[in-house]
1. So, in nm, how far is label A:E220 from label B:V15 when the simple model puts each one 7 Å beyond its Cα toward the Cβ?
2. Just read off the accessible area of B:I58 with the full protein assembly in place, 1.4 Å probe, to the nearest 10 Å².
3. Hey, can you find the accessible area per residue of the protein assembly as shown for me, probe 1.4 Å, expressed in square angstrom?
4. Suppose we compare each residue of the range A:78-103 in its chain alone and in the full protein complex with a 1.4 Å probe; which ones drop by at least 50 Å² of accessible area?
5. Within the range B:65-106, list the residues whose amide N lies under 11 Å from a label point set 7 Å along Cα→Cβ of A:R73.
6. B:I120: accessible area at probe 1.4 Å, nearest 10 Å²?
7. Whole angstrom only: what separates the Cα centroid of the range A:39-64 from the Cα centroid of the range A:67-88?
8. Can you give the FRET efficiency for B:R149 and A:E236, using 1/(1 + (r/R0)^6), R0 = 60 Å, r = Cβ-Cβ distance, to the nearest 0.05?
Amino acid sequence: MTQYWVIDRPRAEAWLRGLTQKQEVLVPAARSGVWAFLPLEAGLAIGWDGANPLLPAKGAFFPQTDPLFRFRREEGKLNIEPVAEAVRERVLFGIRPCDARSLALLDKVFGGPFADSQYQARRAATLLVAWACDHPRPTCFCQSVGVDPTTAPEADVMFAPLPRESRPAQGSEQAPHQREPGSEMQYLVWAQTQRGQSWLESGMDYLARAQAGQVEAWQETAAGMANAHPLELDMEGVTDRLRQRFDDSMWEELSARCLGCGICTFVCPTCHCFDIADWQRGQEGLRFKCWDSCSFRDFTLMAGGHNPRPTKKERIRQRFLHKLLYFVDRYGAVACVGCGRCVEQCPVHLDITEVILRVKGGEWANV
Amino acid sequence: MRILLQPELVEITEVRQETRDTFTMRFRFPSPSLAAAFGFQPGQFNMLTVFGVGEAPISLSSCPRQQEYFEHTIRTVGNVTRAISRLQPGGRLGLRGPYGRGWPMEEIKGHDILVVAGGIGLAPLRGAIGCILAEPENYGRLEILYGARSPEDQIFTYEYAGWRAHPRVALRLSVDRAPGIHPGAGEDAAARTGAAAAGTDPPDAGRRFDRVGPVTTLFPDVELEPANTAVLMCGPEVMMRFAVAQLLERGFRAEQIYVSLERRMECGLGKCGHCLIGPVYVCKDGPVFSYAEIRDLPEEVF
C-alpha cells in the first residue's frame, strides 16, 4: 500500500537546501538564461514553475564532456593517471517522466556487455525524484510514445502538484501578501522504491500525511492530464513502415532544410553518440569523451577519406531511423520520449513529428 | 576508478617497412601479467593510442599462435597512423583490446578456404592464414587471392614463398597496374616474375604477380568448388562489392562468404554510435560478418 505525503513548496525548498550540506542536489534552474539541471546552491532559484529544462537530465550521467584519464611524460616515461572522481550520493530533483524514461533507454546502451562504469556509478549514486508534469508545452508529445506525464516508473520518488481546492493551509503564519509567489503550492509525494522510501523517512520533519481526499484529488487531476497534450501522434506501425521507406524521397526533401548544426542531438535526452578526443599542452594531456552528433559530416568520415554517409540526406535519415527503427530492433523500444526539445530548438523546423505523420501517410496540419 | 576506455602501454620491438606507406610493427607488453593475459582471434582489432593525438582501430596482423609478440600492419592515412609511423623500436603506444568478432576459425574447420584480399585488407587475414597452416589437418585446401595496386604495394611479400611451399596452398596475385603492362594482359603478366616488377633483389623476391587487373581477374583461376568452401574476404568496399557479386554468381551462398568491414570507431565497445550500420555495431557485432548477416541491412554496406 503506497503511503502518500504532502509537502508545500517552502518546506520542500528548505529540505532540499538543507540536503546540500551533505550531498549534491540537482534541480531545474537557469544559468545565463539556459535551463538545465544544476547543483543547488545559495542564490540559485529552483525552477518550480518553469518548463522542462532545455538541457536534458542525461547530462547528469553522460556529461557533455567527461574526462577519462590524464597522461604525463616525465623523463621520457609516460604515466597514465585515472581521473579521480569520487561519485557521491546525490539527488536529481525535478526530472519529468520523459527524461526519466530516457534514462531507462540510456541504461540499455551504457549497461550490458562492456558497461560504462562511469555512467553506471553515477546512476547508482543518484536518487531520482520526478515531477508529475503539469507543464506540457505545445511541442510535447510524450503520450504518443508511451510516456505517462503523470508518473515516472523509473523514479525513486514522485512529486505531484495538488489542485488548489485540495490544499488546506499547511501551518503558514505569514499573511498571503508576504509569501513568495507559488509558496501556496502543495505537492503529493510518494515513494516508488525502497530507496525512495528511506529518503522520505529521512525527511519526515518536512512531510505531512496526506489528508482525506487529497490522493483522490490528484488522481482526478492525473486522469484529466492523460489527454492534455496538444500534439498527438499515432505511432502504430511507424517502425515497420519505416523499414520500407529507406529509399524514400522524403529524406532528400527534409535534408534540404537541415543545417547540420546538431542541436537536435544535443538537446535530445536519448541521443548518446559520443566522440573520444585528446587535449594536450606541453608534456601533459587529457583524454575525454564528449557528445557527438550523427548530423556532422565527419561523424562517419574515415581517415582514408571514405564516408559511408557522405551527404545530409544519409545523415538526417540516420538520426530518424536510429530513433524510430534501429533502436527498436536493437533494444526493443523507440528512442524518443516525446519531450519536444528537438522540435522546439531546430532552427529550420525539422520536426520528428512531421516525419512520423508523413510515414503514417497523414497530412502535416501546420504546413 | 579503472575504466574500459583507458589503454595499457605496449612497447614496439620491431618495425618492418612493407611498402612506401605501410609498415608492420611488432609489440610486447612490458607488464608480464598483461602479456600472459593477452590473447586474440585472427580478425580482431585493437584501439591504438598515440597520447595527445588520438586513437585508431587497427587489425591484428600476426598469428595468435605466436604468443611472444603480436603485430599490427598500418597504412599511414590519418593523424594517428602518421604519428604511429614516426615511432621507433623501444617506443611505446597505448592499446586497448582485442575487440570485435574475428574470423570464424572453428566454423570453417573441415572446409576448403578461399581468401580474397585487396591492399591492406590482407593484414587481418594473415593471422587466419597462419592458423590454418599451423593445423592443416583441420582444414582443406587454401587458395589465397591477393590484389594490390602495384607490385610495390604488395604487403607481406616475405610470406609468399612459405605459403606457396605448402602443398595444399595456392597463392594468386594480381596488381591493378604494372610498369609496361596493359590491364587484361594476364598471360603475359603471368610469365613475369620479380624481375619485371621490382627487380631481383632478394628482399623483393616475393614481389610478383599473376595477372593485371582487379583481384576478381584471378577468379577464373580458382580451383576450389563452392560446395565445401568458406570465403574470407577483406579489402576496399568497391573490391568487395564486385568480388561478392561474382562469387554469388559462381554458386557460393551468402552464408559461406565472410567479410571484414571498416568503419569509423571511437569506443570499440558498441556504445559511441559511430560504426552503426542500421542496428549493427561493426565494432562489437563484427568487424567480421557473413555476407548473409549484412546483405539486407538498410544502409548499403558495399
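The values are calculated or read from the model by the stated rules, or taken from the named source; none is laboratory data. Since the structure is predicted, the reported quantities are computational estimates derived from the model, not experimental observations. Reconstructed Cβ throughout: ideal geometry from the backbone, glycine too, with neighbour counts over all protein chains shown. Surface accessibility is based on the protein's heavy atoms, side chains included, excluding ligands, DNA and RNA. Shrake-Rupley method; radii C 1.70, N 1.55, O 1.52, S 1.80 Å.
1. Spacing of the two 7 Å Cα→Cβ label points: 8.0 nm.
2. Near enough 20 Å² of accessible area.
3. Counting only protein heavy atoms, the per-residue value for the protein assembly as shown is 42 Å².
4. By number: A:L78, A:I80.
5. From the range B:65-106, the list is B:92.
6. The value for B:I120 is about 60 Å².
7. Here the answer is 30 Å between Cα centres.
8. Efficiency, from the Cβ-Cβ distance: 0.70.
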